[in-house]
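The structure appears right after this line, and notes come after that.
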Amino acid sequence: MTTDANGSNPPARYDAAFANRIEPEWQRRWAEAGVFRQANPGEAGFDGAKPKFYCLDMFPYPSGAGLHVGHPEGYTATDIVCRYQRMRGKNVLHPMGWDAFGLPAEQYAIQTGVHPAETTRKSIDNFRRQLQRFGFSYDWDREFATIDEGYYKWTQWIFLKIYNSWFDPQQQKARPIGDLVAMLEGGECGVSAWGELVSREGARGTQAFTGKPSDVRLWHELTTEERRGFLDSQRLAYLDEQTVNWCPKLGTALANEEVKDGRSERGSHPVYRKPLRQWMLRITAYCDRLLQGLEGLDWPESTRAMQQEWIGKSVGAEIDFEVEGRDEALRVFTTRPDTIFGATYMVIAPEHWLVDEMLDEPAGETDAAALRAYVEQARNRSDVERQEAKEKTGVFTGLYAVNPATGARIPIWTADYVLTGYGTGAIMAVPAHDERDFEFAQKFGLEIRDVVYPRALQLVSFYAHHMTEDEKADDEKWKKTLADFMGLCTTVDSDPELFGPVLGAVRERRREQQTAGLTAEQAAEKGHIGSRGSISGEYIVSIESLGAKDGQALEDLFAGGGYWRRRGEAFTLAGVCVHSKNAEVSLDGLGKAQAIERITGWLEKKGIGQEKVNYRLRDWLFSRQRYWGEPVPIVFDEQGDHYPVSEEALPVTLPPMTDYQPAESDDPQPLLAKAGAWVRTTAGDAGVDEDTLRPETPVRRETNTMPGWAGSCWYHLRYADSQNAERFVGEEAERYWLKDGVDLYIGGAEHAVLHLLYARFWHKVLFDLRLVSSDEPYRKLFHQGMILSHAYQRKNKTLVPINEVDAREDGTFVERATGEAVTQIAAKMSKSLKNVVNPDEVIAEFGADTFRLYEMYMGPLEATKPWDTRAIAGMYRFLQRAWRLAIDESTGNVRDGGGSDDAELEKLLQRTIAKVGDDIEKLSFNTAIAAMIEFVNAALPGDGQSPRLSVSQLERFVRTLAPFAPHLAEELWSRLGQEGFVSEASWASYDPAMLIDDAVEVPVQMKGKVRAKLLVPADLDAEGLKAAALADPKVIEFLAGAKPERVIAIPGKMVNIVL
RNA sequence: GCCGGAGUGGCGGAAUGGCAGACGCGGCGGAUUCAAAAUCCGCUGCCCGAAAGGGCGUGGGGGUUCGACUCCCCCCUCCGGCACCA
């Protein structure tokens, strides 16, 4: 323990007891004076001349376990930045609040019957108490929780805004659904037979090539139900029956993002696929904007990459394949339309509509029983099982399609390696150029036809196609001709168009030994070939390695297209097209990009295909079958049609429950369905607009609630004006604080995809509806690293709790129970490993200032780093020294060095101020602290010496330290007789001229080592420096009379003498 | 497999083309103390050497450069993410 029981410490020493006395006191004074209260534009005390700085911490979920040491890491970082920015004269918005809906409180309610609100409020109070003990400079007046009615009212309001919007593909933005109605009523556009929005002429916004203009129906041609159905299908929030990720253990469906390797992200429980009618948010409409928006953001590269991958844009084509005996075409998506000549079969997902039709009405060759069995099995397999099964499976559907490029009749299979929900759920399989298709084709004996070769093989292929009978017969002749041909083509890198003439020329030359028939360039090259016997030989060796023993074999291999099949793997890289020609179009000889362009053009002309962009991102599953979440403000009438609750009637609050036990059922039922009286109500009681539904109409409330992410999608907006009862955020406050988004957002990388993607999506919708002024919510994002703790590992990699291990004299560790040697490692803190560090205890032992400093000093903010309790003492000692710099430990008086300002120390102080400021802006807190330690170590004399710093110097240092150790700084500030709070002081200034030295020490390097150092004027030029180096006695001694070969002198930096 | 990040003393780390190891922990020695804790002062990359000094040294191999932890190529290891996405 660092506190002294005997009281023999000097009376005015900075110790833990003292820190624990002054820290709460300063926190009290700050709160009393409202030091960190930040006024909004238009309010008293707001200074519009100051620039704004909005600094946000990621919304914490207040768990029952309280704060762990990872929380204060990010919070201390933002606090330092905020305190610094305030001192630099900015209006700083630095809020804190609680993301408080969610499963843990509900699961606790299931076990104990305690209402989740009660548990959650308790946790919030505990979190707040813990956070406040750190002295963070939050504006607590802006605090709120997502479970506050005054907050989730607006969460529901935003949901309704989304519900009442559609995405205009022309303008690429959300618009009120009323605009769409107006457009339809005006006859500008209509509805296609496929239920898509199309312009009057039938040219469509979305997908297009099979539509016929005659299919388009105008608004007045639709029935009321058809109109309603169409509008509902266009909403950004829509109901859809779809296969969801059902997690029985959690009793709810999960969004794709919440599923990892077939298990739930939270708790790692298995997930099954189940059809459910659910609310979906049309985030996919924003794919392109979410992708493009990333480019202007100051975000970690890794997070941008993760979002890009998650959105997963891929450019390709959609192509319709005719199906034998059916009118309707089978549409596929492919990124490699250039390989269409190699499409030898097709695969559709087991959930594909065509499979369902085959089960109803089997075709002649359909083995209905086998098909049914396969589909059943695919459906019931959980995602875990699907992923574990490496071996390809599938069944022939009995149907055949026609490859539009080759005219070949190709079988249609179903297999679960084709996913429903990506692309069209159907593919053209090109086994020669796709690993999955290759594997499948190998297993089921399907044709493999290669249509892309690497460049060298393309030449072999060309030759195989054009071999003369004469050459084929002669074992040596074909090889030599081919070798010459390849050598010539590869040396001049000739175009495929020239292959014919070049081959002709090679034959000519071999026959006549002349140059006739070649271009001038080729003739020049020809001479080389002849003289390069060895190179020709190398070609022959590689030709032989292809395995063709004679000309006939070569022809079989290449003209027959069997090469890759024999090679045993697919060639998936870009290459040159071969065997890709029909009467209308030829891709032969083209590279990938050109081939894609040409074939897509051909498909478009034929009306059977077009370019298409696909995204991996799916729409956001927004319904949860839980109690503890925001109710969805929607009701259903007896027909099952849905109606929004009017804005005036918000919030829709949760009904009280007697038990929280999920209803056991094969059909997943939302928990709220049990609240019968709440669920069954009338339109009037539920607050539906009278114009929409007569008040006495019986309605059923939506019983699904919103997912945990909903509340965190817009909290950054609410903080700007958190007490506003009229609007989700005041317009002026929003425009001021959210201009260009949040200026610094710090939180864990675990939210890289989920929260950050959803929040960006909501923000963009609100932007489109002109409800916010910026397009992106978070301009600069930073992830703090994880803080690990010690743990011990057995040889078999299992972990041992720290209280079951003994340290031995020699520095090794053994498990007490078994005596087995274990190694010390760093691992995540966990209850089971007994290595959780409790911040409250650390503060009790050292004080909050020491804790703050320690976490910032551990290493770079973004790094994962191990907690080392012993190392905290270093920061504690530093603060003690800083204290002693200003205060006499025995008397408590200020140690005023008077007017004896030491020029060197003054220079060092100013440099320290400059470096600390720069480092804070770079979020490089560890080096900032190191600089302050150096200053203190330099300024603090050994025992008994008189103080060396003046009060002016001391107070400037205190201001520099203040963002890091604010309590100690306030105490010193007041003892130094300064006015007001150091928290409200301005940042110390420095003279840039002080940062430049008059004289510098320049190292002299010889034979790769520093051999001497020169003290020279900083502005000494290269010649002078060189002369000074050569005149230095140590240099002369090292040279020992040898003459330097070269002397490099970089003024102010270094001299290198090369021997 | 693909994408992103990292590899420097016993440990956390600093240095982004110019003196490798700032600063902190730990360790060693000393002061203070009856003694200890706390605090303070000094030393502390490794090897050879009594010392002066010398050699080696930033995951491994190669390259560029007067000069490389830093830039380029290849490889290894660890961490994070994605993964039948056509």
Each residue of region A:176-191 in turn: what ³J(HN,Hα) in whole Hz from Karplus with 6.51, -1.76, 1.60 and θ = phi - 60°, glycine and Pro shown as x?
x, 4, x, 4, 5, 4, 4, 5, 5, 5, x, x, 4, 9, x, 10
Given the convex hull over the Cα atoms of chain A, what projected area results after averaging over all orientations, in nm²?
61.2 nm²
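Over region A:790-836, what percent of the accessible surface lies on carbon and sulfur atoms, probe 1.4 Å?
Working: 1670 of 3130 Å².
The computed percentage sits at 53.
If A:Val1035, A:Val402 are ordered by their accessible area, calculated over protein heavy atoms with a 1.4 Å probe, which sequence runs from highest to lowest? The partial results should precede the final answer.
Values: A:Val1035 0, A:Val402 45 Å².
The residues order as A:Val402, A:Val1035, largest area first.
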Taking region A:718-856 on its own, what percent of its Cα-Cα pair distances exceed 26 Å?
54 percent
Taking a virtual spin label 7 Å from the Cα of A:Glu732 along the C-beta vector, which residues in region A:21-63 bring their backbone nitrogen under 20 Å of it?
A:37-54
Cα gyration tensor shape for region A:214-357, rounded if a/c is under 1.5, else prolate or oblate:
rounded
Report the paramagnetic label zone for A:Gln793: residues of region A:848-864 whose backbone N is under 17 Å from a point 7 Å from Cα along the Cα-to-Cβ axis.
A:864
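May I ask you to compute the full-extension gain from A:Val1000 to A:Trp157, defined as 0.36 nm times their residue separation minus their alpha-carbon distance, rounded to one decimal in nm?
Values: separation 843, 0.36 × 843 = 303.48 nm, distance 6.55 nm.
Value of the extension gain: 296.9 nm.
Rounded to the nearest 500, what is chain A's calculated 222 nm mean residue ellipticity when only DSSP H runs of at least 4 contribute -39500 (n - 2.57) each, over all residues?
Values: 37 runs with 398 residues, N = 1059.
Result for chain A, helices only: -11500 deg cm²/dmol.
With all protein chains present, how much of the accessible area of region A:642-786 (probe radius 1.4 Å) comes from carbon and sulfur, to the nearest whole percent? Intermediate results must be reported in sequence, preceding the final value.
On the way: 2670 of 5810 Å².
That share works out to 46 percent.
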In units of 2.2 N^0.38 Å, what is the alpha-carbon radius of gyration of region A:883-991?
1.01
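Counting Lys and Arg as +1 and Asp and Glu as -1, each charge on the Cβ, what is the dipole of chain A about the Cα centre in debye, to the nearest 20?
Working: 123 positive and 160 negative charges, 457 e Å.
Value, rounded to 20: 2200 debye.
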What's the extension gain from A:Lys1043 to A:Glu221 if we count 0.36 nm per residue and subtract their Cα-Cα distance?
286.0 nm
How many nm is it between the label spots at A:Lys922 and A:Ala33, if each spot is 7 Å from the Cα in line with the beta carbon?
3.3 nm
Could I have the simple spin-label model distance between A:Ala49 and A:Glu841, label points 7 Å from Cα toward Cβ, reported in nm to one decimal?
5.2 nm
To test your reading of the geometry: what angle, between 0 and 90 degrees and rounded to tens, separates the Cα axis of helix A:455-466 from the longest principal axis of chain A?
0 degrees
Computed Kirkwood radius, in angstrom, where 1/r is averaged over Cα pairs of region A:997-1058
11.3 Å
Can you give the accessible area of A:Arg217, probe radius 1.4 Å, in Å² rounded to 10?
90 Å²
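Taking a ≥ b ≥ c as the square roots of the eigenvalues of the Cα gyration tensor of region A:790-836, is the shape rounded (a/c under 1.5), prolate (a/b larger than b/c) or oblate? Don't skip to the end; give the middle numbers.
Values: a/c = 1.68, a/b = 1.56, b/c = 1.08.
Judged from the Cα gyration tensor, region A:790-836 comes out prolate (a/c at least 1.5, a/b above b/c).
Quick check: with the 1.4 Å probe, what order do A:Ile340, A:Ile1048 take by accessible area, largest first?
On the way: A:Ile340 0, A:Ile1048 55 Å².
Heavy-atom accessible area, descending, gives A:Ile1048, A:Ile340.
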Please work out the Cα center distance from region A:570-587 to region A:865-902, rounded to the nearest Å.
76 Å
How large, in percent, is the carbon and sulfur part of the accessible surface of region A:883-991 at a probe radius of 1.4 Å?
43 percent
Spin-label point model (7 Å from Cα, Cβ direction): what's the A:Ser946 to A:Glu309 distance in nm?
6.6 nm
Extension gain A:Ala826-A:Ala17, at 0.36 nm per residue separation less the Cα-Cα distance, in nm?
288.1 nm
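Which value, in Å³ per residue, describes the convex hull spanned by the Cα atoms of region A:827-960? Spell out each step's value before the answer.
Details: hull volume 15.6 nm³, N = 134.
Looking at region A:827-960, the number lands at 116 Å³ per residue.
Looking at region A:55-203 from every direction and averaging, what is the projected area of its Cα convex hull in nm²?
Details: hull surface 59.0 nm².
In nm², the orientation-averaged hull projection of region A:55-203 is 14.7.
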Accessible-area value, A:Met994, 1.4 Å probe, nucleic acids and ligands omitted, Å²:
50 Å²
Which cross-chain or sequence-distant (5 or more) residues have an amide H under 5 Å from the amide H of A:Leu222, H modelled 1.01 Å from N in plane?
none
Across 5 Å bins from the origin, how do the percents of Cα pairs in region A:322-400 run, short distances first?
3, 12, 22, 22, 18, 14, 8, 1
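Please arrange A:Tyr615, A:Tyr14, A:Tyr61 by accessible surface area, largest first, computed with a 1.4 Å probe and ligands excluded. If you can, show how the numbers build up before the last one.
Values: A:Tyr615 40, A:Tyr14 0, A:Tyr61 65 Å².
From most accessible down to least: A:Tyr61, A:Tyr615, A:Tyr14.
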Geometric extent, Cα atoms of region A:713-793 - Rg, Dmax (angstrom)
15.7, 57
What order do you get for A:317-327, A:815-825 when each peptide is scored by the mean count of other beta carbon atoms within 10 Å, highest first?
A:317-327, A:815-825
Total formal charge among the other residues, if their Cβ is under 13 angstrom from that of A:Asp991, Lys/Arg +1 and Asp/Glu -1
+2
Probe of 1.4 angstrom, ligands and nucleic acids ignored: what's the accessible area per residue over chain A, in square angstrom?
44 Å²
Using the beta-carbon distance between A:Gln377 and A:Lys260 and R0 = 35 Å, what value does 1/(1 + (r/R0)^6) give for FRET efficiency, to the nearest 0.05?
0.90
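Suppose we look only past 23 Å in the calculated P(r) of region A:559-690. What percent of the Cα-Cα pairs does that tail hold? Before the final figure, lay out each step's value.
Values: 5382 of 8646 pairs.
Of all Cα-Cα distances in region A:559-690, 62 percent exceed 23 Å.
The values are calculated or read from the model by the stated rules, or taken from the named source; none is laboratory data. In this text, all values refer to a predicted model and were calculated from it rather than measured experimentally. As a convention, Cβ positions derive from the backbone with ideal geometry for all residues, glycine included, and neighbour counts pool all protein chains shown. Keep in mind that these areas ignore ligands, DNA and RNA; they rest on the heavy atoms of the full protein, side chains included. Shrake-Rupley method; radii C 1.70, N 1.55, O 1.52, S 1.80 Å.
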